[in-house]
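Take a look at this one; I'll ask things after.
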Amino acid sequence: MPTDYDLIILGGGCAGLSLAMHLSHQGALCPKVLIIEKRAHYVNDRTWCFWGTSNAYLKHLANHNWQTVAIKSSLSDVTVDCKDTPYQMLAAEIFYQHALQVIAKNKKIEIHFSETVAAIPNKVDKRWQLIGNNNHYTTKFIVDTRPAKAPQLGESILWQSFYGLEIECANAVFNPNTATLMDFNNNDKTSVCFNYVLPLSITKALIETTVFSTHPIIRENLAFKLDEAIKQYTNNLPYTITRSEHGILPMGNKTQSNDLENSQPTNQDKSYVKVGLFAGAARPSTGYAFQRIQRWADLCAKSIHQTQYPIGHPPDSLMQLSMDKLFLQLIRAQPELAPKLFISLFHRSNTSKLIRFLSDQAKLTDYLAIMLALPAAPFLKQLLISCYKKLNIYAAENTY
Ligand SMILES: Cc1cc2nc3c(=O)[nH]c(=O)nc-3n(C[C@H](O)[C@H](O)[C@H](O)COP(=O)(O)OP(=O)(O)OC[C@H]3O[C@@H](n4cnc5c(N)ncnc54)[C@H](O)[C@@H]3O)c2cc1C
């Protein structure tokens with residue numbers, strides 16, 4: 001006999017646990033929830049960074065803050081003061097532990113570990129039926145956070161692939177006050193390459209090599225670049241590796257929350273929502289998703305409380321979406337421009353406005369300031385190319 005729930009959350013990662021935390025706060029009004037998670041236990045598999053704006057979620061859990069950030073290239077570099085909204089890091093192990101503690105306070109929420117639901121759920125008599133590798137379940141509502149499938153060429157305007165190692169050096173080689181968000185190196189004609197350096201002390205740092213490219217890149221193919229980067233930052237001194245992380249994030253995912261036809265059983269059925277990194281959580285221009293997931297989890301829990309129905313990620317404003325898309329199209333077409341664009345952006349923008357823009361909180365005047373900080377010519381050219389392409393498509397569709 002299948003066990004019945006009001007809501008099943010498929011995947012107990014960042015999105016699944018975040019929603020469950022908000023539901024847990026509803027006490028006795030919380031529906032009967034099951035989280036199905038394929039992992040047996042959590043490990044410190046990633047670090048989440050975000051800007052500590054006044055309304056950033058979970059910033060009190062951050063295990064590191066930087067009050068200055070830098071962008072560097074072979075031509076120039078810029079360091080900006082961000083002490084009012086520091087760049088913050090939250091280790092995944094802290095998040096997972098905190099989430100499990102909050103969820104455990106509400107007996108109406110269960111988690112099944114080492115359980116996998118691989119198939120698309122089936123709806124019979126108004127209840128979804130799910131087949132796990134251990135049990136069968138039924139539920140009225142599903143929030144599906146499972147990544148759709150392995151990242152594929154063409155499914156995102158660009159992919160952000162990165163591989164990083166947390167290292168400890170015997171000597172003092174890092175400046176723990178400044179996080180280097182982008183240190184551009186050997187950009188080629190097809191991708192944007194940079195290192196990301198988060199110094200945790202004078203001897204410890206997380207060093208990541210990152211590539212924005214049209215195709216996703218596996219860890220093994222980034223290992224050489226990372227090795228070179230670490231040698232550079234440690235002055236070739238010996239070091240020990242304490243942790244590693246790898247990710248492939250969509251930038252301009254083609255299956256955003258407003259375009260889900262292919263990723264859920266029926267796009268008409270509001271009792272099933274698809275969310276998470278590959279379903280609208282990732283900000284197109286940066287790939288950042290943590291704070292966007294927290295905002296969604298808050299809204300989704302409120303919607304469940306008020307209407308019983310879960311909701312997907314809210315669509316981005318037209319202004320933000322258009323700017324992100326144009327930016328991505330430009331660096332996809334001309335990756336060699338990326339260092340100049342990012343340095344201009346950080347050098348010429350007011351830092352508060354820029355951080356509001358990067359944190360999805362821009363006002364109209366912030367968008368204007370960001371546009372003015374960027375060199376106009378390449379954007380206008382890209383805009384004309386996009387308009388020309390759209391006109392061609394329109395003409396082709398209307399030719400009989
Ligand atoms: C290494 C790394 C670093 C990142 N750093 C940042 C950052 O600094 N800032 C930022 O904003 N964003 C960052 N991101 C992006 C984003 O915030 C994370 O990817 C985030 O974890 C996405 O949350 P999610 O719930 O969509 O996916 P996940 O957290 O990956 O959760 C999905 C869960 O589903 C489970 N699952 C998968 N398949 C099944 C199945 N068939 N049945 C049951 N369970 C299943 C998985 O085990 C996993 O626990 C990073 C991503 C990575 C990979």
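Find the relative contact order for the range 156-252 and round it to a whole percent, using C-alpha pairs within less than 8 Å whose residues are 6+ positions apart. Each step should come with its number before you reach the end.
Working: 222 pairs, mean separation 43.7, N = 97.
Contact order relative to length: 45 percent.
Let me have the 222 nm mean residue ellipticity of the chain computed from DSSP H runs of 4+ only, each contributing -39500 (n - 2.57), with the sum over all residues rounded to the nearest 500. Before the final figure, lay out each step's value.
Details: 9 runs with 120 residues, N = 400.
Calculated at 222 nm, the ellipticity per residue is -9500 deg cm²/dmol.
Could you give the semi-axes, largest first, of the ellipsoid that matches the range 54-113, computed as the square roots of 5 times the alpha carbon gyration tensor eigenvalues and rounded to whole Å?
Details: eigenvalues 261, 34, 12 Å².
Gyration-tensor ellipsoid for the range 54-113: 36, 13, 8 Å.
Report the residues of the range 175-192 in range of a label on ASN65: point 7 Å along Cα→C-beta, backbone N strictly under 17 Å from it.
176-179
Once phi is turned into ³J(HN,Hα) by the Karplus curve 6.51 cos²θ - 1.76 cosθ + 1.60 with θ = phi - 60°, what whole-Hz value does each residue of the range 19-24 show in order, with x for glycine and proline?
Once θ is set to phi - 60°, the couplings for the range 19-24 become 4, 4, 4, 5, 5, 4 Hz.
Against the longest alpha carbon principal axis of the chain, how many degrees, from 0 to 90 and to the nearest 10, is the axis of helix 364-373 turned?
For helix 364-373, the angle is close to 40 degrees.
Hey, can you grab everything whose amide H is under 5 Å from the amide H of TYR5? Only 5+ residues off in sequence or another chain; H modelled, so Pro and N-termini drop out.
Residues meeting the criterion, in which the H sits 1.01 Å from N, are THR138, THR139, LYS140.
Any aspartates and glutamates with Cα under 18 Å of the LYS126 Cα? List them, leaving off those in the same chain fewer than 8 positions away.
ASP4, ASP6, ASP144, ASP269
Report, by chain and number, residues whose modeled amide H sits under 5 Å from the one on LYS274, excluding near sequence neighbours (fewer than 5 apart, same chain).
Residues meeting the criterion, in which the H sits 1.01 Å from N, are ASP144.
For Cα pairs less than 8 Å apart in space and 6+ apart in sequence, what is the mean separation divided by the residue count of the chain, i.e. the relative contact order in percent? Don't skip to the end; give the middle numbers.
On the way: 797 pairs, mean separation 70.8, N = 400.
Relative contact order, the chain: 18 percent.
Quick check for me: using +1 on Lys/Arg Cβ and -1 on Asp/Glu Cβ, what's the dipole size of the range 156-252 about its Cα centre, in debye to the nearest 20?
On the way: 6 positive and 9 negative charges, 10 e Å.
That gives a dipole near 40 debye.
Hey, another quick one. Karplus couplings for the range 216-233 from phi (6.51 cos²θ - 1.76 cosθ + 1.60, θ = phi - 60°), rounded to Hz, Gly and Pro as x?
Result, ordered by residue: x, 10, 6, 3, 4, 7, 10, 4, 5, 4, 5, 4, 4, 4, 5, 4, 4, 6 Hz.
Right, next: With angles folded into 0 to 90 degrees, how steeply does helix 338-348 sit against the dominant principal axis of the chain? Use alpha carbons for both and round to 10.
Around 90 degrees separate the two axes.
Of the DSSP beta bridges with both residues in the chain, give the percent that are antiparallel, rounding to the nearest 5. Please list the in-between numbers first.
Details: 54 of 77 bridges.
Within the chain, antiparallel bridges account for around 70 percent of the total.
Right, another one. Gaussian network model of the chain, Cα springs within a sub-10 Å range: biggest mean-square fluctuation belongs to which of GLN268, GLN382, GLN26?
Of GLN268, GLN382, GLN26, the most mobile in the Gaussian network model is GLN268.
Rounded if a/c is under 1.5, else prolate if a/b beats b/c, else oblate: with a ≥ b ≥ c from the C-alpha gyration tensor eigenvalues square-rooted, which is the range 93-216? The partial results should precede the final answer.
On the way: a/c = 3.76, a/b = 1.67, b/c = 2.26.
Oblate is the answer for the range 93-216, as a/c is 1.5 or above yet b/c matches or exceeds a/b.
Would you mind checking the pairs LYS140/LYS274; LYS340/LYS381; LYS270/LYS363 and listing those with alpha carbons more than 20 angstrom apart?
On the way: LYS140/LYS274 15 Å; LYS340/LYS381 16 Å; LYS270/LYS363 31 Å.
With Cα atoms farther than 20 Å apart: LYS270/LYS363.
Now, a different point. How about LYS83: which lysines have a C-alpha closer than 18 Å to its C-alpha, ignoring those fewer than 8 places off in the same chain?
LYS59, LYS353
If amide hydrogens are placed 1.01 Å from N in the peptide plane, which non-local residues have theirs closer than 5 Å to the one on LEU158?
MET251
Turning to a different aspect of this structure: So, with +1 on the Cβ of K and R and -1 on the Cβ of D and E, and no other charges, what is the size of the charge dipole of the range 318-397 about its Cα centre, to the nearest 20 debye? Spell out each step's value before the answer.
Numbers: 10 positive and 5 negative charges, 25 e Å.
The calculated dipole for the range 318-397 is roughly 120 debye.
Oh, and also: Rounded if a/c is under 1.5, else prolate if a/b beats b/c, else oblate: with a ≥ b ≥ c from the C-alpha gyration tensor eigenvalues square-rooted, which is the chain?
On the way: a/c = 1.79, a/b = 1.29, b/c = 1.39.
Because a/c hits 1.5 or more and a/b fails to exceed b/c, the chain counts as oblate.
OK, next. Residues in the range 336-350 near a label at THR365, defined as backbone nitrogen under 17 Å from the 7 Å Cα→Cβ point?
Within reach of a label on THR365, which here means backbone N under 17 Å from a point 7 Å along Cα→Cβ, the range 336-350 contributes 349-350.
A further question on this structure: So, with +1 on the Cβ of K and R and -1 on the Cβ of D and E, and no other charges, what is the size of the charge dipole of the chain about its Cα centre, to the nearest 20 debye?
Numbers: 39 positive and 32 negative charges, 139 e Å.
My answer is approximately 660 debye.
Which ³J(HN,Hα) values in Hz, rounded to whole numbers, follow from the phi angles of the range 91-96 under the Karplus curve 6.51 cos²θ - 1.76 cosθ + 1.60, where θ = phi - 60° and Gly and Pro get x?
Coupling constants for the range 91-96: 6, 4, 4, 5, 4, 4 Hz.
All of the numbers you see were taken from the coordinates with simple rules; none came from a lab. Given the structure is predicted, the values throughout are model-derived calculations rather than measurements. Note that we place each Cβ from the backbone using ideal geometry, even for glycine, and neighbour counts take in every protein chain shown.
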